[in-house]
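**Student:** Dumping the structure here so I can ask a few things about it.
The values are calculated or read from the model by the stated rules, or taken from the named source; none is laboratory data. None of the values given here were measured: they were computed from a predicted structure. Don't worry about glycine lacking a Cβ; one is built from the backbone with ideal geometry, like all the others, and counts go over all protein chains shown. Side chains included, ligands, DNA and RNA excluded: accessible areas come from the protein's heavy atoms. Shrake-Rupley method; radii C 1.70, N 1.55, O 1.52, S 1.80 Å.
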Amino acid sequence: MAKKVSLINMKGGVGKSTLVVNLAWHFAYMNKWRKRVLLVDLDPQFNASQYLVGVEKYEKIISNGEPTIWNVFEQHTYTPTKVQPTSLTPKDVIHEVASFQGRGRIDLVPSQLELAYSLRNPAQKETLLAKFISAIESAYDIILFDCAPTESVLTTAAYLASDYVLVPVKPEYLSTIGLPLLGRSMDEFNKGPYSGHSIEIAGIVFNHATDYAPEERKSKRDVRSIAAANHWYVFESEVSYSRSYPKGAREGRPIFWTSYARYAQAAKFQAFADELATRIHL
Ligand SMILES: Nc1ncnc2c1ncn2[C@@H]1O[C@H](COP(=O)(O)OP(=O)(O)OP(=O)(O)O)[C@@H](O)[C@H]1O
Ligand SMILES: [Mg+2]
């Protein structure tokens with residue numbers, strides 16, 4: 001069974017998409033892992049899809065009308081042009097991104113803007129993702145879900161499809177005060193009608209971290225005390241602020257292949273990724 005991890009934070013711009021793509025490369029490529037990785041993009045803004053395959057290839061997927069995660073959520077929906085609901089083969093939605101010697105590989109289930117339409121009519125769609133994942137998970141060691149920063153049926157779908165939640169946090173005041181929202185969202189899920197399924201917080205990871213700013217130190221202290229009160233783990237490794245992350249996104253590369261990225265930055269990311277692997281028993 002694959003380990004299934006959702007990157008969630010109701011606060012936007014904390015690095016969910018950046019970390020998810022870097023984690024995919026790390027576990028697929030690094031010699032000590034060479035895992036079979038599936039990245040599922042659950043954000044109608046499709047940042048992770050574009051970062052992972054590049055803008056050009058992404059545009060091709062969309063203009064060719066190839067299935068995306070949207071089709072998973074709409075597979076039973078009738079429309080005036082669709083007389084029959086689509087019979088969707090899970091494989092149709094999976095796009096090969098890279099494969100490496102050994103078993104290491106990355107596949108992607110891309111997202112598209114139309115996924116936002118699914119939010120307008122969310123009835124009974126939250127279980128479709130978990131069903132789709134259970135049909136294909138034996139082909140993977142780890143499945144990563146990149147979530148949008150808003151609470152919706154897609155968040156519930158992500159909870160239902162995953163075992164773990166990874167929470168990137170930018171150490172700044174507004175992130176700190178947003179964190180209880182996540183606690184509430186998970187509580188509501190756990191109290192909801194899905195009692196057969198439990199999710200665990202793999203941990204909170206500080207992203208965009210710099211060592212010296214006093215304001216940042218205060219925010220980290222606040223996050224740690226919220227985490228302690230909720231029994232949430234906080235990762236020992238932090239992901240530092242580095243211009244190489246946005247540059248890597250432009251180049252379509254992970255931090256360890258980004259041009260002129262400092263080795264120390266890549267090493268810090270690796271330490272975090274390996275700590276995550278321990279947390280989820282990969
Ligand atoms: N460690 C970092 N150092 C420097 N820049 C970073 C770092 N992590 C992320 N960024 C940059 O911060 C911005 C936001 O990151 P990203 O898009 O990954 O966040 P997100 O949580 O996925 O956002 P959203 O909530 O909108 O989906 C991007 O420009 C990204 O390149
Ligand atoms: Mg994102």
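**Student:** Could you order 222, 211, 41 so the one with the most accessible surface comes first? Probe is 1.4 Å. Write out the running numbers ahead of the final one.
**Tutor:** Working: 222 65, 211 105, 41 0 Å².
Sorted by accessible area, descending: 211, 222, 41.
**Student:** I would also like to ask the following. Given the pairs 125/191; 170/218; 35/170, which are separated by over 23 angstrom at their Cα positions?
**Tutor:** Working: 125/191 19 Å; 170/218 12 Å; 35/170 28 Å.
Too far apart for the 23 Å limit: 35/170.
**Student:** Right, next: Can you list the residues, at least 5 places off or on another chain, whose amide H is less than 5 Å from the amide H of residue 201, using H built in the peptide plane?
**Tutor:** For residue 201, the qualifying residues are 165.
**Student:** Using a 1.4 Å probe on the protein chains only, how many percent of the accessible area of the stretch 3-279 belongs to carbon and sulfur? Kindly include the intermediate steps, with their values, before the conclusion.
**Tutor:** Working: 6630 of 13100 Å².
Of all accessible area on the stretch 3-279, carbon and sulfur atoms account for 51 percent.
**Student:** Further question on the same structure: How large is the accessible surface per residue of the stretch 3-279, computed with a 1.4 Å probe and reported in Å² as a whole number? Let's see the in-between values first.
**Tutor:** Details: 13100 Å² over 277 residues.
With all protein chains present, the stretch 3-279 gives 47 Å² per residue.
**Student:** Another question, then. Based on the alpha-carbon gyration tensor of the stretch 117-246 and its eigenvalue square roots a ≥ b ≥ c, which shape applies: rounded if a/c is under 1.5, prolate if not and a/b is larger than b/c, or oblate?
**Tutor:** On the way: a/c = 2.03, a/b = 1.73, b/c = 1.18.
In terms of gyration-tensor shape, prolate.
**Student:** Counting other Cβ atoms within 10 Å, which GluC sites (Glu not before Pro) in the stretch 201-282 have at most 11 and lie in a DSSP loop? Please list the in-between numbers first.
**Tutor:** Details: sites: 215, 216, 236, 238, 251, 275; in loops: 236, 238.
Sites meeting the loop and neighbour criteria: 236.
**Student:** State which entries of 247/268; 16/247; 11/247; 4/220 exceed 19 angstrom in Cα-Cα distance in the structure shown.
**Tutor:** Values: 247/268 17 Å; 16/247 16 Å; 11/247 22 Å; 4/220 27 Å.
Going by Cα-Cα distance, 11/247; 4/220 fall outside the 19 Å limit.
**Student:** What helices does the chain have that are whole DSSP H segments, at least 27 Å long along their own axis by Cα, and with mean Kyte-Doolittle hydropathy of -0.5 or more?
**Tutor:** 173-191
**Student:** Let me ask you something else. Write out the trypsin sites (Lys or Arg not before Pro) in the stretch 201-280 meeting two conditions: DSSP loop, and at most 15 other Cβ atoms within 10 Å of their Cβ. Let's see the in-between values first.
**Tutor:** Numbers: sites: 217, 218, 220, 221, 224, 243, 247, 250, 262, 268, 279; in loops: 243, 262.
For trypsin sites (Lys or Arg not before Pro) across the stretch 201-280 that sit outside H, G, I, E and B with at most 15 neighbouring Cβ atoms in 10 Å, the list reads 243, 262.
**Student:** Name the long-range amide H neighbours of residue 206: under 5 Å, sequence gap of 5 or more, or other chain; modelled H, no Pro or chain starts.
**Tutor:** 169, 235, 239
**Student:** Show the residues, 5+ positions off or on another chain, whose built amide H is closer than 5 Å to the amide H of residue 36.
**Tutor:** 105, 141, 142
**Student:** Helix-derived [θ] at 222 nm for the chain: sum -39500 (n - 2.57) over DSSP H runs of at least 4, divide by residue count, nearest 500?
**Tutor:** Theoretical 222 nm ellipticity from helices: -13000 deg cm²/dmol.
**Student:** Would you calculate the separation in nanometres between label points at residue 280 and residue 215, each defined as 7 Å from the Cα along the Cα-to-beta-carbon direction?
**Tutor:** Spacing of the two 7 Å Cα→Cβ label points: 3.3 nm.
**Student:** DSSP loop chymotrypsin sites (Phe, Trp or Tyr not before Pro) in the stretch 139-212 with at most 14 other Cβ atoms within 10 Å of their Cβ, which ones? Intermediate values should be presented prior to the final figure.
**Tutor:** Working: sites: 140, 145, 159, 164, 173, 189, 194, 206, 212; in loops: 140, 194, 212.
Those satisfying the criteria are 212.
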